[in-house]
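A.B. asks: Below are the structure tokens for one structure; questions will follow.
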Amino acid sequence: MGRLIVVSNRVPVPDKDGKLPAGGLAVAVHAALKDKGGLWFGWSGKAVEDEDPGAVEHREHGPITYALTDLSTRDVDEYYSGFANRVLWPLFHCRIDLAEYSRRDKDGYFRVNRMFADRLMPLIEPDDVIWIHDYHLIPLAEELRRRGMKNRIGFFLHIPWPPADILFAMPIYDQILRCLASYDLIGFQTDHDMDNFISCLIREGVGKRVRDPAQLEQDPTEARVTAYGREFSTRTFGIGIETQEFADMAARANTSEPVREMERSLAGRDLVIGVDRLDYSKGIPERITAFERFLDLNPDRSGTVTLLQIAPSSRSEVPEYRDMQTTVEALAGHVNGTMGRIDWTPIRYVNQSIPRESLAGLYRAARVGLVTPLRDGMNLVAKEYVAAQDPDDPGVLVLSRFAGAARELQGAVLCNPHDSEQTARAIAWALEMTLDERRARWRVMMDYLLENNIETWCKSYLAALDATKTK
Ligand code: GDG
């Protein structure tokens with residue numbers, strides 16, 4: 001295998017002391033890059049007024065090169081804030097109502113992908129293997145193939161793949177489907193996503209599974225597919241976290257000042273925690289409503305439990321995200337105003353990012369992790385909450401059945417986030433669960449996360465991509 005070339009919308013460049021940005025994905029992919037030597041290409045995060053964003057900037061860190069390109073403000077507006085985040089993101093999260101399709105943004109999306117291909121072509125050598133990440137860059141392989149690239153190219157989709165009727169609501173769904181046939185391996189978070197993708201090809205009449213007569217039963221996690229005259233592999237690779245490192249950090253953070261401060265202010269009350277980017281897919285308003293319902297149904301619980309919702313703003317340039325901020329503030333204010341007491345605030349809402357170590361300590365201090373997205377590719381918060389628990393006295397994960405993580409975390413209490421009554425009952429049950437049951441449920445999940453961590457994810461994806469050359 002030659003060098004590894006990773007392409008993503010944003011590039012996690014180490015700081016001037018060589019320290020990597022927090023988060024398992026950056027660490028695991030860097031480890032693979034270090035192993036094989038390679039290059040990470042993507043947007044620098046900088047927007048320039050000029051239509052021509054200038055030359056690619058190269059930064060060397062040991063065996064890894066970072067190749068960064070600026071984008072024009074028009075590119076950012078149309079490709080990133082426009083088509084990627086106002087069409088693909090809502091649609092792939094089954095929110096047709098929020099998708100704002102425009103031809104201008106669609107053209108900007110394909111234009112930036114063409115520009116990425118032009119800039120990447122001269123940096124690639126014949127043996128290199130290319131790994132492209134996420135919905136911003138779906139057309140990139142097709143653009144590279146058009147320019148004569150023969151290398152193996154893999155794609156991993158971090159968000160869900162929608163059912164056919166939802167995808168087909170997008171005016172250019174057929175172009176998006178066709179682009180994906182240029183990859184050698186398409187990785188999905190869950191079997192449901194992979195199944196939805198293959199169903200889209202079948203419904204459209206453009207592709208099908210390649211049946212292996214030796215295989216009596218169809219494997220839901222792996223398939224060879226033909227579509228648009230090409231044959232390629234699809235497979236599920238549920239993304240993990242740096243489980244042991246996160247558990248160690250949580251154990252250390254337990255005695256840190258922010259966690260002690262929180263515990264002092266709780267004065268013995270139970271803590272329920274929610275942590276999400278402020279995004280409509282995460283179901284934050286529905287969660288607050290369910291917590292209110294829980295207090296309604298359990299008046300004896302008044303004054304004994306606090307919901308801490310940490311939700312740093314994201315994508316504030318997109319109007320739907322700004323609206324979310326107002327909605328969540330109003331809902332939390334309403335519950336605190338109607339149910340709170342002088343000595344007790346039911347919901348603490350923090351609209352800021354907090355350091356990763358404090359987050360780990362707060363997860364550990366919380367009796368319940370309330371992770372209730374309306375739809376989510378995987379949801380790493382669910383996995384972090386589990387990894388952070390004290391093995392002797394673990395908390396309970398209440399998890400939406402619509403998160404990819406629900407396909408993996410067998411010890412979670414599952415709920416339907418659209419059903420506030422059911423979520424309220426799940427919270428009540430989680431708070432009352434016996435120590436024996438908490439331990440048993442946590443053990444199953446922790447063993448799974450230790451075995452299926454981010455390093456395994458990265459290695460198994462690259463091994464599968466490597467194996468496509470023999471197919
Ligand atoms: C996409 C997919 C998929 C959040 N608040 C703070 C903070 N965070 C960190 C969490 C976690 C990360 O952000 C969020 O990851 P998720 O997986 O929950 O969600 P997305 O950002 O939507 O990620 C998702 C993922 O890609 C990976 O494939 O699982 O389905 O949507 O790590 O801890 N971190 C800090 N302070 C905060 O206030 N330090």
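The values are calculated or read from the model by the stated rules, or taken from the named source; none is laboratory data. All figures in this text were calculated on a predicted structure; none of them were measured in a lab. Backbone-built Cβ (ideal geometry, glycine too); neighbour counts: all protein chains shown. Calculation scope for accessible area: heavy atoms of the full protein, side chains included, ligands and nucleic acids excluded. Shrake-Rupley method; radii C 1.70, N 1.55, O 1.52, S 1.80 Å.
A.B. asks: Taking 0.36 nm per intervening residue step and subtracting the Cα-Cα distance, what contour gain separates residue 323 from residue 175 on full extension?
C.D. replies: Full extension of this stretch gives 50.2 nm more.
A.B. asks: Going toward the positive end of the dipole of the chain, with +1 on Lys and Arg Cβ and -1 on Asp and Glu Cβ, which of 411, 181, 251 do you reach last?
C.D. replies: Highest projection toward the positive end goes to 181.
A.B. asks: Taking the alpha-carbon distance from residue 16 and a cut-off under 20 Å, which aspartates and glutamates remain once sequence neighbours fewer than 8 residues away in the same chain are dropped?
C.D. replies: Residue 16 reaches 57, 60, 70.
A.B. asks: Here is a follow-up. For Cα pairs less than 8 Å apart in space and 6+ apart in sequence, what is the mean separation divided by the residue count of the chain, i.e. the relative contact order in percent?
C.D. replies: It rounds to 14 percent for the chain.
A.B. asks: Of all DSSP beta bridges located in the chain, what percent are antiparallel, nearest 5?
C.D. replies: Of the beta bridges lying entirely in the chain, close to 25 percent run antiparallel.
A.B. asks: How big is the dipole moment of region 181-285 about its Cα centre under a simple scheme where the beta carbon of each Lys and Arg is +1, that of each Asp and Glu is -1, and everything else is neutral? Debye, nearest 20, please.
C.D. replies: My answer is approximately 280 debye.
A.B. asks: Counting only protein heavy atoms and a 1.4 Å probe, tell me what percentage of region 89-224's accessible area is made up of carbon and sulfur.
C.D. replies: Result for region 89-224: 47 percent of the exposed heavy-atom area is carbon or sulfur.
A.B. asks: Please list, in chain and number order, the residues 5+ apart from residue 397 or on another chain whose amide H is under 5 Å from its amide H, with Hs placed from the backbone.
C.D. replies: For residue 397, whose amide H was placed from the backbone, the distant partners under 5 Å are 369, 413.
A.B. asks: Calculate one ³J(HN,Hα) per residue across region 181-186 by plugging θ = phi - 60° into the Karplus curve 6.51 cos²θ - 1.76 cosθ + 1.60, and present them in order as whole Hz with x for glycine and proline.
C.D. replies: In residue order, the calculated couplings are 5, 7, 7, 8, 9, 10 Hz.
A.B. asks: Also: Whenever you get a sec, compute what percent of the accessible area on region 243-451 sits on carbon and sulfur atoms (1.4 Å probe).
C.D. replies: Solvent-exposed carbon and sulfur of region 243-451 make up 48 percent of the total.
A.B. asks: Contour minus end-to-end for residue 219 and residue 419, with contour as 0.36 nm per residue of separation and end-to-end as the Cα-Cα distance?
C.D. replies: The span from residue 219 to residue 419 would gain 68.8 nm if fully extended.
A.B. asks: Which value in nm describes the separation of the simple spin-label points at residue 245 and residue 357, placed 7 Å from the Cα toward the beta carbon?
C.D. replies: With each label point 7 Å from Cα toward Cβ, the separation is 1.5 nm.
A.B. asks: Tell me which lysines have Cα within less than 25 Å of residue 459's Cα, excluding those fewer than 8 residues away on the same chain?
C.D. replies: Reachable lysines: 19, 34, 36, 150, 383, 469, 471.
A.B. asks: Based on DSSP H runs of at least 4 residues, each adding -39500 (n - 2.57), what is the mean residue ellipticity at 222 nm of the chain after dividing by all its residues, to the nearest 500 deg cm²/dmol?
C.D. replies: The per-residue figure over the chain is -12000 deg cm²/dmol.
A.B. asks: Can you give the Rg and Dmax of region 243-451 based on its C-alpha atoms, in angstrom?
C.D. replies: Taking only Cα atoms of region 243-451, I get Rg and Dmax of 15.8, 47 Å.
A.B. asks: State in Å² the accessible area per residue of the chain; use a 1.4 Å probe, count heavy atoms of protein chains only, and round to the nearest integer.
C.D. replies: So the chain comes to 41 Å² accessible per residue, rounded to a whole number.
A.B. asks: Further, regarding this structure: What is the list of residues in region 149-165 whose amide nitrogen lies under 16 Å from a point 7 angstrom out from the Cα of residue 230, following Cα to Cβ?
C.D. replies: Those under the cut-off are 149-157.
A.B. asks: I've got another one for you. If I ignore ligands, DNA and RNA and count only protein heavy atoms, how much of residue 345 is accessible to a 1.4 Å probe, in Å² to the nearest 10?
C.D. replies: In the full protein context, residue 345 sits at about 70 Å².
A.B. asks: Could you compute Rg(Cα) / (2.2 N^0.38 Å) for the chain, with N its residue count?
C.D. replies: 1.00
A.B. asks: Right, here's the next one. Once you mark the GluC sites (Glu not before Pro) that are in a DSSP loop and have at most 13 other Cβ atoms within 10 Å, what is the longest gap between them in the chain?
C.D. replies: Value returned for the longest uninterrupted segment is 52-216.
A.B. asks: Right, here's the next one. How tilted is helix 24-36 with respect to the longest principal axis of the chain? Cα atoms for both, answer in degrees (0 to 90, nearest 10).
C.D. replies: 30
A.B. asks: Separation between the residue 451 and residue 101 pseudo-spin-labels, each 7 Å from Cα along Cα→Cβ, expressed in nm?
C.D. replies: 4.3
A.B. asks: If you don't mind, there's one more thing I want to ask. Based on the Cα atoms of region 54-181, what semi-axes does the equivalent ellipsoid have, where each is the square root of 5 times one gyration tensor eigenvalue, given in whole Å with the largest first?
C.D. replies: So the three semi-axes of region 54-181 are 27, 17, 13 Å.
A.B. asks: Still on this structure: From the C-alpha gyration tensor of region 33-107, pull out the three semi-axes of the equivalent ellipsoid (sqrt of 5λ each), sorted largest to smallest, in whole Å.
C.D. replies: 30, 18, 7
A.B. asks: Compute the length gained on full extension between residue 313 and residue 256: take 0.36 nm times their separation in residues and subtract their Cα-Cα distance, giving the result in nm to one decimal.
C.D. replies: Net length gain for the segment: 18.0 nm.
A.B. asks: Residue by residue through region 436-451, which ³J(HN,Hα) values in whole Hz follow from phi under the Karplus form 6.51 cos²θ - 1.76 cosθ + 1.60 (θ = phi - 60°), with glycine and proline marked x?
C.D. replies: Using θ = phi - 60°, the values come out as 4, 5, 4, 5, 5, 5, 5, 4, 4, 6, 5, 4, 4, 6, 5, 6 Hz.
A.B. asks: From the phi angles alone, apply the Karplus equation (6.51, -1.76, 1.60; θ = phi - 60°) to region 362-368 and give each ³J(HN,Hα) in whole Hz, x where the residue is Gly or Pro.
C.D. replies: Result, ordered by residue: 5, 4, 5, 6, 8, 5, 9 Hz.
A.B. asks: Hey, could you get me the Stokes-Einstein D for region 410-471, Kirkwood radius over alpha-carbon pairs, 4 °C and 1.567 mPa s, rounded to whole µm² s⁻¹?
C.D. replies: Stokes-Einstein gives a translational diffusion coefficient of 89 µm²/s.
A.B. asks: Efficiency by 1/(1 + (r/R0)^6): what FRET value for residue 277 and residue 211, r their Cβ-Cβ distance, R0 = 51 Å, to the nearest 0.05?
C.D. replies: Given R0 = 51 Å and the Cβ-Cβ separation, E is 0.80.
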